[in-house]
Amino acid sequence: MSTTTSTERAAARPATDDLLQVTGLEKHFPITRGAFIRRTVGAVRAVDGIDFTVRSGETLGLVGESGCGKSTTGRLISRLLEPTGGKVVFEGRDISHLSNREMRPLRREVQMIFQDPYSSLNPRHTVGTIVGAPFRVQDIPTSQGVKRAVQDLLKLVGLNPEHYNRYPHEFSGGQRQRIGIARALALRPKLIVADEPVSALDVSIQAQVVNLLGDLQRELNLTYVFIAHDLSVVKHISDRVAVMYLGKIVEVAPRDALYATPMHPYTLALLSAVPVPDPDRRDRAQRERILLTGDVPSPIDPPSGCRFRTRCWKARELCEREVPPLRELATGHVVACHFPVEEAERTPGGRAAAQQAAASVPPATTTPV
Amino acid sequence: MAPAGGRPMDVINYILRRVLTSVVLMIIISMVTFGVFFMVPKLAGTNPAELYVGKQATPADVAATARKLGLDQPVTVQYARFVKGLVAGRDFDDGPNKTHCDAPCFGYSFRNDRPVWPLLLDRLPVTISLAIGAAIIWLIGGVLAGVISALRRGGALDRTVMVLALAGVSLPIYFTGLLAQLVFVHTLHWLPGGEYVNFADDPAGWAGKLFLGWVTLALLYAATYARLTRAQMLETVGEDYIRTARAKGLRERTVIAKHVMRSVLTPIVTIFGLDIGSLLGGAILTESVFGLPGIGRLSIDAVNTKDLPVVLGVTLFGALFIVLANFIVDLLYAVIDPRVRLG
Amino acid sequence: MKGAHMSSTNSFTTTDPVPGPRRGPDPTAFLDVRDLRIHFPTDDGLVKAVDGISFTLERGRTLGIVGESGSGKSVTSLGILGLHQREHARVGGEVWLDGEELISASPERVRQLRGQRMAMIFQDPLTAMHPYFTVGAQIVEAYRVHHRVSKAVARKRAVDLLGRVGIPQPAKRVDDYPHQFSGGMRQRAMIAMALVNNPDLLIADEPTTALDVTVQAQILDLIRDLQEEFGSAVLMITHDLGVVAELADDILVMYGGRCVEEGSAQTLFRRPEHPYAWGLLGSMPRVDRENRDRLIPIKGTPPSLINLPSGCAFHPRCPYQGRDGIPCRTEVPSLAQGSDHGVACHIAPAERRRIFAEDIAPAL
């Protein structure tokens, strides 16, 4: 069993296939008090030291529950936020603390797609203006004019190019998300950070957008960081998946390995919680489901050592004392756990035992932030 | 309702923070106000001492008065003396006379030959009578009109109330006030004219003299409150938790009176506190129109006679009420909204 | 009396959604909804949010109503509770709860039943609880509307129920405000509030949509347990096929305010016959299966209820519309009655089964 940390591996690997390298990334939002004299009384440690890489042409899924820091991570790597610590290296260049002006040429390379297609489009602008804005802002020459370029983009994302002069409210939710995608694609970026791009959409529309993202990736050789809470969608679209819990990455693995053989107890519990759309497997799913007790602790005052230990049925004294490092336990499969899930625990019998053990962890009650 | 789940330390902390905020705010306001009043005569090209001794005085007299009153000192020194006067009282010595001004000394009015503070105190009962009386009318009238309007949304009653509210907001006090006075006092003689009388001396006369002032002032505010109440109610009845209240099987009047009103009253309390606070600093127009010798009248008279110490005193006094009202509103807010109290 | 009408083992029977011969005046099912219509007159026209829905539900059983936004599923649930205001909505049809008809009943009678015999859990537990009252006070109030008991007794009941739904230290947390609870705990408190009067019918409208997946699993588990304990009938409204598959005995699929397919959960997932149901299954990525290369979406977008397509509301999005001269554009298909499987589609039943077996199932 190799014990190299991913950081070491990332450092050792030639940078050629890594589009984005993230090391020790942190974002702490200060909590301030006082009307006149603002003093910092603490910090929300939204992202608290994470390492991962994104390879050129792949889709990295970033999953986790609300408050785990996945959206903040997305905003850090697209540099909508400046990190408190650590490094974001894009194509070999450290972009962690670039100023807005220095970032401007890089904005062409990294684009974001947001969850809410309603609020991320200016209602007073036509689709043509919205999708064409990047050309104007970045002053990019277009061979046959901005209008033509925009119409090409609309065609590319499956919208009628004749709708150039329409306003966002004239489109349905799915179509608005397509507009958001067209805007993101305008400058031919290399990396697209998609933050919950389909979670506000109806099931039938969600599938259209997921397919579109897949097609565009193949056609334009895009790299995606796909942030979502829906484990089924992430499984469908990702090549590799990183799981976050309370500001930390707990596991990164190739998609199939993660879903078939999760090694972090949290990943195991998370995957077992997904409702299975198959009534015949309902009873089995329930027998194997690991229900966690209590709530996610506060990111202002996270538990010492392993952050999952307060809800983990495998936690021991070591977990309280030491932060588990990310270790590579199988090829490309890194896990931050002192006592990773073993093969026996994935059998029905092992699952049942884990289910009982997890249910008997006393719930640590916390008040939400 | 069940007792609040608050930790006592949090509540005390909250109150202390608010007190501190209010004190700091008051200090800043007093500095700025004092600074402005220090600058005004300079910008107008007059020597403040002239205002004290009168235009006929010789330059030497003026200079002497200025020196004696400390008006030739830098602003910081003058401010320090002013603050000292507020806390411990001070003496004014303009040459011929030497006058003591007890704490809290807001300054000395040479026009009236009295310290400002007792001047303010004299006028305060009138202003309080006017403000509180009007407040009771507009609070009851405005909120009631708003509730009825919201419950009968789109109906004839709703439209009538809203038109009246619009009229109430748009018509200036000197119009409605003078008109009311013309009709009810001078034409119909339903209400007495003449001077203001104290409540203790003649309760009926007191109420009769104030009545039109109350109604006129209340009309202006009631209109705002009716519109606010209506808007808040219409917003609140659409909330999920109101649907939950109905789903529990509560009677409609319980849903409205308890669940809806609780949310509606929160912003009402806020603006009510602030409105009362600013009114206690003097309702200038109303007091002038109805000849009520309140703080508003005092400030108008002081401005007309360039009685700077009184203007300064009234301004600070008004600011004090607003800060105080803010403080009380903050406390009330914490009582009403547990999210504020328990953050 | 509880269980008085527990006569039918076939808890889910189908009825014709278009007005027609009614069954007898004495329904045997615990909840019997017949031809429910909820229309909203608006400035832009009549919105037929629900246009002829019929179903039955027994105690101890769970019916899942599935649909996308604007399908009318939530409007249906509020209609059963009588929560549509008469000045805004035109409600027609019949809702029989344990032998009592609610649509024609007096508002006061429906109010008495609401919260007592039928209770509801809402989607977002943060906005669904009053922010200014403690959790305990809100539960106490729900109990005391229907029971003449002292506050102390009601409070004890609230603490009991909070403990029962898995709130740690319920005697202490009863005095907390909703914002002091986490999302999952709020939904538990909401469930406690709904169950405080031992309702026979529990309507859950997207009860886990606002929750994280591990919390969702906790809440679904809780609903299942409580149903076993209290024997309530559960009506589960959701857009999530995974959630219905977990919980529902029977499923009703809504589209454009009408029912397009209904049957047992096994039937609906194993051999669905309506093209819309096929589309939903094809659209859904699965954690429990090998990855498909592409999802199979439904083209187009859900219809506007103001301007519903003629004939079968699904026809503009249906790949099979109009084949062999079937009248998809002109005629509303009726919900063909089968013993346990109703499908509102013009395609002949045998042909539907063939298409599903040959074209659809292999691609799922």
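Being open to solvent by less than 10 Å² (accessible area, probe 1.4 Å) and over 21 Å from C:VAL75 (Cα atoms) is the filter here; which residues of segment B:217-252 pass it? Selection gives B:LEU217, B:ALA218, B:ALA223, B:TYR225, B:ALA226, B:THR229, B:MET233.
Taking segment C:62-81 as the search range and keeping residues that are touching a strand residue (DSSP E or B) at 6+ places or on another chain (Cβ under 6 Å) and in a loop (DSSP other than H, G, I, E, B), which one is farthest from C:LEU280 (Cα to Cα)?
C:LEU81
Against the conditions (1) open to solvent by 40 Å² or more (accessible area, probe 1.4 Å); (2) modelled with pLDDT of 90 or more; (3) more than 14 Å from chain C (Cβ to nearest Cβ), A:LEU154 satisfies every one except (1). Could you list all residues from segment A:157-175 that are open to solvent by 50 Å² or more (accessible area, probe 1.4 Å) and either in a helix (DSSP H, G or I) or on the phi > 0 side of the Ramachandran plot (or both)? Of everything in segment A:157-175, those that are open to solvent by 50 Å² or more (accessible area, probe 1.4 Å) and either in a helix (DSSP H, G or I) or on the phi > 0 side of the Ramachandran plot (or both) turn out to be A:GLY158, A:GLU162, A:ASN165, A:HIS169, A:GLU170, A:GLN175.
Is one or more of the residues making up segment C:114-129 assigned to a helix (DSSP H, G or I), among the hydrophobic types (A, V, I, L, M, F, W, C) and more than 8 Å from chain B (Cβ to nearest Cβ)?
Checked segment C:114-129: no residue is assigned to a helix (DSSP H, G or I), among the hydrophobic types (A, V, I, L, M, F, W, C) and more than 8 Å from chain B (Cβ to nearest Cβ).
Scanning segment C:135-160 for residues that are of a type in the set (Lys, Arg) and within 11 Å of another protein chain (Cβ to nearest Cβ) gives C:ARG144, C:LYS151, C:ARG155. Helices (runs of 4 or more DSSP H) fully within segment A:201-297 that include at least 2 residues being more than 12 Å from chain C (Cβ to nearest Cβ), open to solvent by 30 Å² or more (accessible area, probe 1.4 Å) and farther than 21 Å from C:ALA248 by Cβ: A:203-220. Taking the criterion of being within 13 Å of chain C (Cβ to nearest Cβ), farther than 19 Å from B:GLY146 by Cα and of a type in the set (Val, Ile, Thr), would at least one residue in segment B:215-236 satisfy it? Looking through segment B:215-236, none of the residues is within 13 Å of chain C (Cβ to nearest Cβ), farther than 19 Å from B:GLY146 by Cα and of a type in the set (Val, Ile, Thr). Among the residues of segment A:322-352, those that are in contact (Cβ under 8 Å) with a residue 24 or more places away in the chain and open to solvent by less than 30 Å² (accessible area, probe 1.4 Å) comprise A:LEU326, A:GLU328, A:GLY332, A:HIS333, A:VAL334, A:VAL335, A:ALA336, A:CYS337, A:PRO340, A:VAL341.
Conditions first: (1) open to solvent by 20 Å² or more (accessible area, probe 1.4 Å); (2) more than 9 Å from chain B (Cβ to nearest Cβ); (3) more than 17 Å from C:ASN197 (Cα to Cα). C:GLY163 passes all but one, so which condition is the exception? Only one criterion in (1) open to solvent by 20 Å² or more (accessible area, probe 1.4 Å); (2) more than 9 Å from chain B (Cβ to nearest Cβ); (3) more than 17 Å from C:ASN197 (Cα to Cα) is unmet by C:GLY163, namely (3).
Every residue, every condition in (1) part of a loop (DSSP other than H, G, I, E, B); (2) surrounded by 14 or more Cβ atoms within 10 Å (Cβ to Cβ), yes or no:
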| position | (1), (2) |
| --- | --- |
| A:PRO105 | no, no |
| A:ASP116 | yes, yes |
| A:GLY132 | no, yes |
| A:THR142 | yes, yes |
| A:ALA149 | no, yes |
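Could you look through segment C:224-246, keep only residues that are of a type in the set (A, V, I, L, M) and out of contact with any Pro (no Cβ under 7 Å at 6 or more places or on another chain), and pick out the one that is farthest from A:VAL243 (Cα to Cα)? Ranking the candidates gives C:ALA233 first. For the structure I just gave you, tell me whether C:ASP175 is without any contact (Cβ under 8 Å) to a residue 12 or more places away in the chain, within 11 Å of another protein chain (Cβ to nearest Cβ) and either under 14 Å from C:PRO125 (Cα atoms) or not basic (Lys, Arg) (or both). No; evaluated as a whole, the condition is false for this residue.
The criterion of at least 1 residues that are under 14 Å from the mean Cα position of the chain (by Cα) is met by the following helices (runs of 4 or more DSSP H) wholly inside segment B:226-343: B:261-280, B:284-289, B:295-304, B:308-336.
In segment C:166-179, what count of residues is obtained for those that are open to solvent by 10 Å² or more (accessible area, probe 1.4 Å) and at negative phi?
Residues meeting the conditions: 9.
Being in contact with an Asp or Glu (Cβ under 6 Å, 6 or more places away or on another chain), crowded, with 19+ Cβ neighbours inside 10 Å and either within 13 Å of chain A (Cβ to nearest Cβ) or not charged (D, E, K, R) (or both), is that true of even one residue in segment C:276-297? So far as segment C:276-297 goes, yes, one or more of its residues are in contact with an Asp or Glu (Cβ under 6 Å, 6 or more places away or on another chain), crowded, with 19+ Cβ neighbours inside 10 Å and either within 13 Å of chain A (Cβ to nearest Cβ) or not charged (D, E, K, R) (or both). If you go through segment A:124-148 and keep only what is within 22 Å of A:VAL209 (Cβ to Cβ) and hydrophobic (A, V, I, L, M, F, W, C), you end up with A:VAL127, A:ILE130, A:VAL131, A:ALA133. Scanning segment C:259-299 for residues that are of a type in the set (Val, Ile, Thr) and part of a loop (DSSP other than H, G, I, E, B) yields C:VAL287, C:ILE296, C:ILE298. Note on segment A:79-101: residues that are in a strand (DSSP E or B), over 17 Å from A:ARG55 (Cβ atoms) and charged (D, E, K, R) amount to 2.
Look at A:ALA182 and say whether it is open to solvent by less than 20 Å² (accessible area, probe 1.4 Å) and more than 14 Å from chain C (Cβ to nearest Cβ). Yes; evaluated as a whole, the condition is true for this residue.
The conditions of being out of contact with any strand residue (DSSP E or B) (no Cβ under 6 Å at 6 or more places or on another chain), open to solvent by 30 Å² or more (accessible area, probe 1.4 Å) and in a helix (DSSP H, G or I) are met by C:VAL153.
One residue alone among C:ILE223, C:ILE203, C:ILE237 is more than 7 Å from chain A (Cβ to nearest Cβ), buried (at least 21 other Cβ atoms within 10 Å of the Cβ) and assigned to a helix (DSSP H, G or I), and that residue is C:ILE223. The selection criterion, being surrounded by fewer than 18 Cβ atoms within 10 Å (Cβ to Cβ) and not aromatic (Phe, Trp, Tyr), holds for B:LYS258.
If you go through segment C:118-150 and keep only what is under 30 Å from C:GLN216 (Cβ atoms) and open to solvent by 60 Å² or more (accessible area, probe 1.4 Å), you end up with C:GLN123, C:LEU126.
The values are calculated or read from the model by the stated rules, or taken from the named source; none is laboratory data. Since we're looking at a predicted model, the values are computed, not measured. FYI the Cβ positions are ideal-geometry reconstructions off the backbone, even for glycines, and counts take in every protein chain you see. What goes into the accessible areas is simple: the full protein's heavy atoms, side chains included, and nothing from ligands, DNA or RNA. Shrake-Rupley method; radii C 1.70, N 1.55, O 1.52, S 1.80 Å.
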